[in-house]
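Below is one structure, written out as structure tokens; comments come after it.
What follows is calculated from the coordinates using simple rules that are stated; it is not laboratory data. Since the structure is predicted, the reported quantities are computational estimates derived from the model, not experimental observations. So basically every Cβ, Gly included, is an ideal-geometry build from the backbone, and we count neighbours across all protein chains shown.
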Amino acid sequence: MITPRKRYLLTPGPTPVPEDVLLSQARPIIHHRTGEFREVLKQVMEDLKYVFQTQNEVLIFASSGTGGMEAAVVNLAAKGVKFLTVAGGKFGERWKEICSSFGVDFVTLEVEWGKAVEPQDVEEILKSDKNIKVVLTTLCETSTGVVNDVRALAEVVKKYDAILVVDAISGLLADELRMDEWGIDVVVSGSQKGLMLPPGLGFISLSQRAWDIVEKADVKAYYFDLKKARKSGVNYDTPYTPAVSLIMALKKALEMIKEEGIENIWARHAQLAGICRNAITSLGLKLFATRPSNAVTSVSLPEGIDGSELVKFIRQEFGVSIAGGQGKLKGKIFRIAHLGYMNIFDLLVGIASLEFALHHLGYKFELGRGLLKVEEEFLKQYK
Ligand SMILES: *Cc1c(COP(=O)(O)O)cnc(C)c1O
């Protein structure tokens, strides 16, 4: 085991939190029904619109990202509204599970894990079933490392007078997403991924078309009642006690995001992801996703190497957390995230620890090849 023990979080959530963001949570708690807190809430609600690329309000819940997903389903489940869930990974399946939990009328489009959803497959279903009014999909399907073309999906969905709901929990800030410009109706996210925060906040933003459905629905939610949250939000307030410290941290994280600029953040993620993919293939390993996300790189394991063992070895020996496979991909793939507060040095740590582990586990490759690739690719682009 390497000492001193240092931790490196290269998982697609939670992700590392910048020092200044951590410190911003350490201040004494202020009361939330005060002008002082409302000023903070006003600022973060404004800045979140920039991150979501929308003019619609972004509502904040004290929940993980899944709370936002549940809020979307429960509030859109109006009478006569049928849902289409797009599977293709663990998080696509979560949409199915939430719909089942609430007895919502839905059908599912199954997508092979590792592949992106084909917009024409969604179109076929919408064409044949006019009752479908809500399509639930994922930007980055974190379990497979695939990014879906939500822009193309939004176009298709609009043609059939339905709305598109996107789980952008891991994709936000890593994969380009322009809610208003692309006509996406609902975007859901969470704090512990691209936003560089600890876990504990869920976010949701809705277009007017989505609100029109919510207005008609007899909503069976209490905490996740979006109409109630929106009404309070108008006065920069929340119906219940907000996660005050996390919102202080959010304010700081959003300042950093605005300073770097969203286009630069997308470009940084694209650069790191591109370099990571090249380093992986230079080691003779195969990428798992056919349409890879810039948040996380998923890699098929070579014959004879167990993914769970590899991930455990890297964490225990080196203090580096990468992710294994989830659900039916358990033991079959591993995933390295380059999401949030990350730069090229984090990637070097990831590739170095991977090489150490592969070498130790007996995989045959040219030691240092991946690291060299990272350095070469980086220098090529470095100005
Ligand atoms: C992490 C993640 C979730 C789950 O978020 P929680 O914060 O754990 O509830 C859902 N969808 C995607 C795509 C994710 O990456």
Grab the Cα-Cα distance for V234 and K330, subtract it from 0.36 nm times how many residues apart they are, and report the gain in nm with one decimal. 30.1 nm
Which of L367, L76, L254 fluctuates most in a GNM of the chain (C-alpha springs under 10 Å)? That residue is L367
Express in nm, to one decimal, how much length is gained between A352 and K383 on full extension, taking 0.36 nm for each residue of separation and deducting their alpha carbon distance. 8.7 nm
Give me the distance between the Cα centres of segment 220-247 and segment 3-52, rounded to whole Å. 18 Å
Which whole-Hz ³J(HN,Hα) couplings does segment 320-332 yield from phi under the Karplus relation 6.51 cos²θ - 1.76 cosθ + 1.60, θ = phi - 60°, glycine and proline marked x? 9, 9, 10, 10, x, x, 10, x, 6, 9, 4, x, 9
Inter-label distance, nm, simple model (7 Å from Cα along the C-beta direction), K286/I2: 3.0 nm
Nonlocal amide H pairs with G190, under 5 Å, H built at 1.01 Å: F203
Under the span-like rule (Cα at least 27 Å along the axis, Kyte-Doolittle mean at least -1.0), DSSP H helices of the chain: 262-282
Helix-only [θ]222 nm of the chain, DSSP H runs n ≥ 4, -39500 (n - 2.57) each, per residue, nearest 500: -13500 deg cm²/dmol
Compute the distribution of all C-alpha to C-alpha distances in the chain, in bins of 10 Å from 0, and list the percent of pairs in each, rounded to whole numbers. 5, 24, 31, 24, 12, 3, 0
Coordinate range along principal axes, alpha carbons of segment 1-106, Å, largest first: 53, 50, 25
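Nearest 0.05, what FRET efficiency do F345 and R151 give at R0 = 41 Å with Cβ-Cβ as r?
About 0.80, to the nearest 0.05.
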Candidate cut points under trypsin sites (Lys or Arg not before Pro) in segment 37-134, DSSP loop plus at most 11 other Cβ atoms within 10 Å of their own Cβ, are K79, K130
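What is the antiparallel percent of DSSP beta bridges lying wholly in the chain, to the nearest 5?
Details: 21 of 39 bridges.
Of all bridge pairs located within the chain, approximately 55 percent are antiparallel.
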Simple spin-label model, 7 Å along Cα-to-Cβ: D218 to E46 in nm? 4.2 nm
For segment 214-253, Rg(Cα) over 2.2 N^0.38 Å is 1.39
So for the pair D121, A26, with labels modelled 7 Å out along Cα→Cβ, what separation do we get in nm? 4.9 nm
For E260, project a label point 7 Å along Cα to C-beta. Then give me every residue of segment 324-358 with its amide nitrogen under 17 Å of that point. 337-350
